[in-house]
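Beneath this line is the structure, given in structure tokens, with notes to follow.
Throughout, read-outs are computed from the coordinates displayed, never taken from laboratory work. All values derive from a computational prediction rather than experimental measurement. FYI the Cβ positions are ideal-geometry reconstructions off the backbone, even for glycines, and counts take in every protein chain you see.
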Amino acid sequence: MKENLISRLRYLEKKEDMTILMAAVTGSHSFGLSSVQSDYDVRFIYVHNDKRSYLSLSQPVEVIHLKEGLFDMEGWDLFKSSRLTLKSNPALFELYQSPIKLITHPDYYRKMNGLIADCYSKKALGHHYYRMMSDNLKQLSKPRDSERKELKIWVQVYRSYLILEYIIQRGSLPPLSVWELLDLVPIDQELKTRMTRIFKAKQMEECISNDESEKNLSLIEGKSLSIKNEITMLHKGKNMETELNELIWTILK
């Protein structure tokens, strides 16, 4: 499958007259939670081959999207992705943390990976994943829609919680795999057992009962409140504008 994805990306390069600097599989596959029905979410960073387009009145396309069956590919132009990096964008963090790399321009990837590791705002990421956890918990308090949808919501709640605990406890960027996070983040055994049950159910495309969901909710709600204050103490990150400008100029030479 990896070769198939790379082949599709190479096709896009020719079709759009651009060069991919970084590409990886994101979503459930990178979380270690894919099932036989899971889409392949691919995200990539690219630069237009015609460098003059960046100096034209009509700016080049900043987003390229291709959706075919189980394949969902989306790419961001070098300038757009750099602006997102300045804001410590969570989607870019997950792209670079993905364990399933497809294409990496050696110099670009090394410098960007270093910038994200050293300069990304842990506080900004903390606020993002806290909102994700809180919003999904609110969804769970509403009348039940479908068991399958509810399972996906629980995955987001627990994944966000583990990421938050990792950032707060270690002050560094976490891995994406929920199984790695379960091994690395100290949590009580009951919560760990419930998380494991949800993650395995997602992989097997099983459903959970209403009773099980209610027990999960009562256990996690109190823990989520204690995290909110700790996020304010996280590192704000460093300004990367100078380094990003230099990287852009190097790529465009």
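Rounded to the nearest 5, what % of the DSSP beta bridges within the chain are antiparallel ones?
Details: 17 of 24 bridges.
Counting only bridges with both partners in the chain, antiparallel ones make up about 70 percent.
Here the simple spin-label model places points 7 Å from the Cα toward Cβ, and for residue 87 and residue 226 these points are separated by 3.3 nm. In summary, the aspartates and glutamates within cross-link reach of residue 236, defined as a Cα separation below 13 angstrom excluding same-chain residues under 8 places away, comprise 118. Based on alpha carbons, the Rg and Dmax found for the stretch 122-231 are 13.3, 37 Å. Here the spin labels are modelled as points 7 Å beyond Cα on the Cα-Cβ line, and at residue 36 and residue 192 they lie 3.2 nm apart.
Structure remark: mean-square fluctuation, Gaussian network model of the chain, C-alpha springs under 10 Å; the largest value among 177, 82, 38 belongs to 38. Each peptide in 7-20, 111-124 receives the mean, over its residues, of other Cβ atoms within 10 Å, and ordering these scores from highest gives 111-124, 7-20.
So what is the orientation-averaged projected area of the chain, using the convex hull of its C-alpha atoms, in nm²?
Numbers: hull surface 58.5 nm².
In nm², the orientation-averaged hull projection of the chain is 14.6.
For the stretch 122-231, what number of Lys pairs, 8 or more residues apart or on separate chains, have alpha-carbon atoms under 16 Å from each other? So the count of such lysine pairs works out to 18.
Once both labels are positioned 7 Å from their Cα atoms along Cα-to-Cβ, the gap between residue 207 and residue 142 label points is 1.9 nm.
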